[in-house]
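Chemist: For reference, the structure I am asking about is given below.
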Amino acid sequence: MTTPLLHVEQLTMKFGGLTAVDAVSFTAERHDITAIIGPNGAGKTTLFNCLTGFYRPTSGALTLTHDLGEYLLERMEGHQIAHQARVARTFQNIRLFEGMTVLENLLVAQHHKLMRASSFLIGGIFKLPSYRHAEEEAVMLATKWLEEVGMADKADWLAGNLPYGDQRRLEIARAMCTDPRMLCLDEPAAGLNPRESAELNQLIKNIRDQHGCGVLLIEHDMSVVMNISDHVVVLDYGKKIAEGTADEVRNNPDVIRAYLGDDEEEEA
Amino acid sequence: MEYFLQQLINGLSLGSIYGLIAIGYTMVYGIIGMINFAHGDIYMIGAFLAVIGFTAIGLVGGLWTPLAVALVLIIAMVFTAAYGWVVERFAYRPLRGSFRLAPLISAIGMSILLQNYVQLVQGARVKPISPVVQGGFELMERDDGFTVNLSYMQIIIIVLTLVLMIVFATLIARTALGRSQRACEQDKTMAALVGINVDRTISLTFVIGAALAAVAGVMVTMYYGVVDFYIGFLAGVKAFTAAVLGGIGSLPGAMIGGILIGLIEAFWAAYFSAEYKDVAAFSILVLALIFRPYGILGRPEVEKV
């Protein structure tokens with residue numbers, strides 16, 4: 001048996017007296033889409049924030065293992081998690097660099113490669129061949145992802161002027177330009193219409209199948225969750241209450257209770 | 001007419017120097033939203049390094065002038081940049097994430113510290129250097145014998161500033177570093193999430209700002225021939241005025257603001273009163289803050305609900 005891509009062990013995050021995530025453990029596999037679901041306030045986004053270095057967990061271990069090595073995420077700085085451990089994420093409320101063009105947004109994501117090629121400054125000003133070469137490659141990768149998300153004709157738009165659905169897809173493209181091994185999507189389908197939502201499902205599946213990138217997904221839209229996830233983890237009040245395939249979870253009484261309330265409440 | 005032309009030349013060269021310093025203010029404000037009040041003193045350090053450099057070159061018997069100037073410029077830029085880095089690393093970075101006024105107070109402290117350090121090490125008296133670049137063109141002469149001069153030094157200042165502006169604009173618009181600076185300016189957390197080392201980007205911003213201030217310092221030393229430990233204060237506040245006038249956070253704005261302040265000062269001194277030229281510059285700051293607080297090229301801040 002191979003080690004899983006992500007191994008979360010006894011993760012706990014406390015804010016003062018409030019325990020947002022309480023001793024949660026699960027694993028996410030390399031070629032899987034793992035969905036994390038739960039009612040509002042269940043601790044899903046907090047979990048993401050721990051994974052991407054926004055918060056330092058109160059206790060627990062987050063181990064990421066892939067072809068580049070083994071990383072203990074709970075000990076790393078945010079920018080190291082992005083460019084060494086190769087974790088990328090998107091946000092529930094979109095966070096693009098709105099004052100930059102679509103293409104620039106994707107180039108910023110390849111910052112490390114380019115900075116090294118530009119010798120941190122000099123090469124970039126004088127356009128040395130090594131830098132020019134690196135930049136051409138970066139633009140090629142950016143263009144490839146723009147085509148993948150169907151926005152090739154909008155490369156020079158200001159990101160802030162894009163329609164909502166495009167902004168969502170651009171955020172995913174930007175995350176993918178960092179060459180991640182694990183992609184964390186925080187409610188990617190929020191605010192999308194059914195057609196856009198279906199396109200998104202296809203995009204996420206492509207990322208899993210063609211780019212060897214594990215996907216971790218927070219989603220409220222059950223059609224997305226049930227359609228594409230290989231594995232579902234259910235949180236409620238910071239605790240894991242169920243885990244399994246979409247079908248297993250759907251019929252789990254604890255999950256039904258968490259979402260719909262107890263029987264007595266229903267009768268009332 | 002001749003008199004006017006002469007003032008225009010003087011104003012432009014003075015304004016270029018203010019513009020170079022103003023860029024340091026506006027860049028730092030753009031990226032971390034603080035006014036680096038020690039920036040004027042960083043410029044003063046650049047000026048002192050020029051004095052030291054030219055004196056040292058004089059001691060060893062002198063060099064071919066363009067080579068001497070280039071050498072002093074490079075030395076001053078490198079050492080001043082190091083000062084800029086140290087100031088950021090020890091006076092501002094530990095306070096990041098603290099309340100907004102903390103780095104500002106730290107900056108004022110840093111400014112006093114640098115002034116006193118230079119006063120102690122170099123003495124309080126005015127330091128002169130022997131003229132490095134002399135002469136110039138006589139552009140025209142009036143009947144009563146008044147001549148319009150464009151000195152070689154003024155040409156150097158204006159041309160060098162222009163070149164640096166172009167290099168700098170390319171840097172911001174076209175290179176990976178410039179992109180990461182703009183990214184940090186817009187959203188630091190997101191920048192970190194796409195793998196940008198935010199701390200290092202901020203450090204580099206200070207380093208670049210300090211290097212540009214060093215160029216201004218070297219130019220001023222060569223232009224006026226004297227420096228003292230206190231020049232940083234006045235030049236700093238004027239460059240800050242220039243940055244506000246141009247629209248703080250905007251790089252072309254800083255340059256335009258600098259040139260405007262230089263022109264206003266030169267014309268005010270020529271036509272009204274040389275004693276009150278500082279008053280003119282600061283009145284502009286007051287007027288700008290009252291009527292156009294976001295400056296010439298800045299965008300008004302939209303209140304979001």
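Chemist: Go through the range A:76-118 residue by residue and tally those that are closer than 23 Å to residue A:217 by Cα and at the interface with chain B (Cβ under 7 Å from one of its Cβ atoms).
Modeler: Summing the residues that are closer than 23 Å to residue A:217 by Cα and at the interface with chain B (Cβ under 7 Å from one of its Cβ atoms) in the range A:76-118 gives 8.
Chemist: Just to be sure before I move on: is residue B:261 in a helix (DSSP H, G or I) and open to solvent by 20 Å² or more (accessible area, probe 1.4 Å) in the structure I sent? First the steps, then the outcome.
Modeler: On the way: in a helix (DSSP H, G or I): yes; open to solvent by 20 Å² or more (accessible area, probe 1.4 Å): no.
Taking the combined requirement at face value, the residue does not satisfy it.
Chemist: For the range A:159-244, which fully contained strands (runs of 3 or more DSSP E) count at least 2 residues that are crowded, with 18+ Cβ neighbours inside 10 Å and under 13 Å from the mean Cα position of the chain (by Cα)?
Modeler: Because the criterion is at least 2 residues that are crowded, with 18+ Cβ neighbours inside 10 Å and under 13 Å from the mean Cα position of the chain (by Cα), the strands (runs of 3 or more DSSP E) in the range A:159-244 that meet it are A:182-186, A:214-218.
Chemist: Given the conditions (1) away from chain A (no Cβ under 11 Å); (2) touching a His at 6+ places or on another chain (Cβ under 8 Å); (3) of a type in the set (A, V, I, L, M), and given that residue B:231 satisfies all but one, which numbered condition is not satisfied?
Modeler: It fails just one condition, (2).
Chemist: Turning to a different aspect of this structure: Listed residues B:75, B:45; which is among the β-branched types (Val, Ile, Thr) and surrounded by fewer than 22 Cβ atoms within 10 Å (Cβ to Cβ)? Show your work before the answer.
Modeler: Working: B:45 fails: surrounded by fewer than 22 Cβ atoms within 10 Å (Cβ to Cβ).
Checking each option against the conditions leaves just B:75.
Chemist: For the range B:197-218, which positions are of a type outside the set (Ser, Thr, Tyr) and more than 10 Å from chain A (Cβ to nearest Cβ)? Working first, answer last.
Modeler: In the first step, residues of the range B:197-218 are kept if they are of a type outside the set (Ser, Thr, Tyr); the result is B:197-200, B:202, B:204, B:206-218.
B:202, B:206, B:209, B:210, B:211, B:212, B:213, B:214, B:215, B:216, B:217, B:218 - these are the residues of the range B:197-218 that are of a type outside the set (Ser, Thr, Tyr) and more than 10 Å from chain A (Cβ to nearest Cβ).
Chemist: Run residue B:188 past the list (1) surrounded by fewer than 18 Cβ atoms within 10 Å (Cβ to Cβ); (2) more than 9 Å from every other protein chain (Cβ to nearest Cβ); (3) over 23 Å from residue B:71 (Cβ atoms) and report the number of the one that doesn't hold.
Modeler: It fails just one condition, (1).
Chemist: If you don't mind, there's one more thing I want to ask. Looking at the range B:165-184, is at least one residue β-branched (Val, Ile, Thr), over 28 Å from residue A:182 (Cα atoms) and more than 7 Å from chain A (Cβ to nearest Cβ)?
Modeler: Checked against the condition, which is being β-branched (Val, Ile, Thr), over 28 Å from residue A:182 (Cα atoms) and more than 7 Å from chain A (Cβ to nearest Cβ), the range B:165-184 yields at least one hit.
Chemist: If you don't mind, another one. Do we have residue B:194 as touching a strand residue (DSSP E or B) at 6+ places or on another chain (Cβ under 8 Å), within 13 Å of chain A (Cβ to nearest Cβ) and either open to solvent by less than 20 Å² (accessible area, probe 1.4 Å) or modelled with pLDDT under 90 (or both) here? I'd like the intermediate steps shown before the answer.
Modeler: Working: touching a strand residue (DSSP E or B) at 6+ places or on another chain (Cβ under 8 Å): yes; within 13 Å of chain A (Cβ to nearest Cβ): yes; either open to solvent by less than 20 Å² (accessible area, probe 1.4 Å) or modelled with pLDDT under 90 (or both): yes.
Yes: the conditions hold for residue B:194.
Chemist: Inspect all residues belonging to the range A:82-91 and state whether any of them is surrounded by fewer than 17 Cβ atoms within 10 Å (Cβ to Cβ) and aliphatic (A, V, I, L, M). Can you show your working first?
Modeler: First, the residues of the range A:82-91 that are surrounded by fewer than 17 Cβ atoms within 10 Å (Cβ to Cβ): A:84.
Pick out the ones that are also aliphatic (A, V, I, L, M) and you get none.
Scanning the range A:82-91, I find no residue that is surrounded by fewer than 17 Cβ atoms within 10 Å (Cβ to Cβ) and aliphatic (A, V, I, L, M), so the answer is no.
Chemist: Please work out which one of (1) under 14 Å from the mean Cα position of the chain (by Cα); (2) within 30 Å of residue A:90 (Cβ to Cβ) is the condition residue B:206 fails and give its number.
Modeler: Condition not satisfied by residue B:206: (2).
Chemist: If you don't mind, there's one more thing I want to ask. Check the range A:230-239 and report whether any residue there is among the hydroxyl-bearing types (Ser, Thr, Tyr) and within 14 Å of another protein chain (Cβ to nearest Cβ).
Modeler: No, the range A:230-239 has no match at all.
Chemist: Would the range B:203-223 turn up any residue that is more than 17 Å from residue B:20 (Cα to Cα) and free of Cβ contacts under 8 Å to residues at least 12 places away in the same chain?
Modeler: Step one: list which residues in the range B:203-223 are more than 17 Å from residue B:20 (Cα to Cα), which gives B:203.
Going one step further and asking which of them are free of Cβ contacts under 8 Å to residues at least 12 places away in the same chain, we end up with none.
No, there is no match, as no residue in the range B:203-223 is more than 17 Å from residue B:20 (Cα to Cα) and free of Cβ contacts under 8 Å to residues at least 12 places away in the same chain.
Chemist: Follow-up question, since we're still on this one. Quick one: in the range A:60-69, of everything that is in contact (Cβ under 8 Å) with a residue 40 or more places away in the chain and within 20 Å of residue A:31 (Cα to Cα), which residue is nearest to the other protein chains (Cβ to nearest Cβ)?
Modeler: Let us first name the residues in the range A:60-69 that are in contact (Cβ under 8 Å) with a residue 40 or more places away in the chain, namely A:60-68.
Adding the requirement that they be within 20 Å of residue A:31 (Cα to Cα) leaves A:62-68.
Working: A:62: 16, A:63: 20, A:64: 15, A:65: 19, A:66: 16, A:67: 18, A:68: 13 Å.
Filtering the range A:60-69 for residues that are in contact (Cβ under 8 Å) with a residue 40 or more places away in the chain and within 20 Å of residue A:31 (Cα to Cα), the one nearest to the other protein chains (Cβ to nearest Cβ) comes out as A:68.
The values are calculated or read from the model by the stated rules, or taken from the named source; none is laboratory data. Only a predicted model underlies this, so the values are computations on that prediction, with no experimental measurement involved. Cβ: placed from backbone, ideal geometry, glycine included. Neighbour counts: every protein chain shown. Accessible surface areas use protein heavy atoms only, side chains included; no ligands, DNA or RNA. Shrake-Rupley method; radii C 1.70, N 1.55, O 1.52, S 1.80 Å.
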